[in-house]
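Worksheet: one structure, shown below.
What follows is calculated from the coordinates using simple rules that are stated; it is not laboratory data. Please read these numbers as outputs of a predicted model, since none were measured by experiment. Please note: Cβ atoms are built from the backbone with ideal geometry, for glycine as well, and neighbour counts cover all protein chains shown.
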Amino acid sequence: MRRIRITPNIEYLEPEGKRKLYACSGLAVSGRVKVVIDGNPGKNQTRDFLLEFDPDIALVSHYHPDHSAWCSQVLEHTKAELMIPNGEELYFKSLDHLVSHTATDKAMENLMRDFARNFLSYREIETFITYDSPCSFILGDISLECIRTPGHSPGHTSFYLPGQKILFASDMGVDRLGPWYGWRDCSIEATIESILMLKSLEVKILLTSHGGIVTRDIDQCWDRALLHILEREQRIVLALEKGKTREEIIEEGVCYPKKGKVKEPVKSFFIMWDSVMFDLHAKILETTSLSTLFPCLRTIASTYSGLNA
């Protein structure tokens, strides 16, 4: 794990190497109260960090196992108050609930259940407090605001430090892959609304769960995230116009175009996620389009098209 000091009281926690697939970057804030957010760089690294940092509060941005697997270690190794987003309680209490609300069939439920337990060390938990949005924590001279940003998950939350103009956006998709909405409880429309809301904040340092630290061209990063979504829709429309089937489009890739080179079980996850993403786009296209729902996407696409011309 790399611990990158952003300010004297704020650290960015980043997993190294291949663990990035099974872990996530997080944030540690040392004020009058010590807070850690999504502190899951890897099983042993998480344990060692928690024992050293000894947080008072542990915040989880959303239930996805790469973000929530560390919860059991919080309860085992610290006396911190573990806090999860309001509305996602059953996902933390029951792995069966989690897989049944995200997987597309029984075979994938079994695969996800095994992967969460054996690769991510996910454990069901009962002891936690829920937080809602908006809410704030006053950590001495530091204020931390919880901002609900659904779409990636129903209760996905981002965290803003207005005094420092730092935003920890968790899994909002400001990275090379772009926004992810590959489980059945995801929403493309809510993802776009959340991105537009976060884009309106004054941010000098943008911290992400899987895309590192951004300090330049932050507005353009949000625009590129939105363009990822719009371009997926456009590829689907063109493929359908050419007479391609759902299965052919999924095989070519909505988000994951090179699935044939990926080993199991990750390959099966990529196929499932592309299937869900296709279906979410197709449902919108039955009656409208993203650029009709969100006219600002036309402006963004036009701007970047002009720059690339």
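Quick notes on this structure:
- Here is what passes the span test in the chain: the DSSP H helices with alpha carbon length of 24 Å or more along the helix axis and a Kyte-Doolittle mean of 0.0 or above are 218-241, 266-285.
- Additional length obtainable on full extension of the chain from residue 47 to residue 196, 0.36 nm per residue less Cα span: 50.1 nm
- Relative to the 2.2 N^0.38 Å rule of thumb, region 212-253 has a C-alpha radius of gyration ratio of 1.60.
- Sparse-neighbourhood loop sites, trypsin sites (Lys or Arg not before Pro) in region 210-254 - DSSP loop, at most 15 other Cβ within 10 angstrom: 216, 242, 244
- Contour excess over end-to-end distance, with Cα ends at residue 141 and residue 268 and 0.36 nm allotted per residue: 41.0 nm
- Within the listed set 172, 277, 108, the residue fluctuating most in the Gaussian network model of the chain (springs between alpha-carbon atoms under 10 angstrom) is 108.
- Over 24 Å (Cα to Cα) - which of 79/199; 244/283; 34/165; 244/267; 43/93 fall in this group: 79/199
- Kirkwood-based shape ratio for region 1-152, expressed as Rg/Rh from alpha carbons: 0.96
- Highest-MSF residue in the chain out of 182, 211, 31 [GNM, Cα springs under 10 Å]: 31
- What separates the Cα centres of region 186-228 and region 245-259 is a distance of 25 Å.
- Charge tally in the Cβ shell below 13 Å around residue 180, where Lys, Arg are +1 and Asp, Glu are -1, residue 180 excluded: -3
- Here r is the Cβ-Cβ distance between residue 216 and residue 285 and R0 is 30 Å; the resulting FRET efficiency, rounded to 0.05, is 0.30.
- Computed label-point distance, nm, for sites residue 293 and residue 32 using a 7 Å Cα→Cβ extension: 4.3 nm
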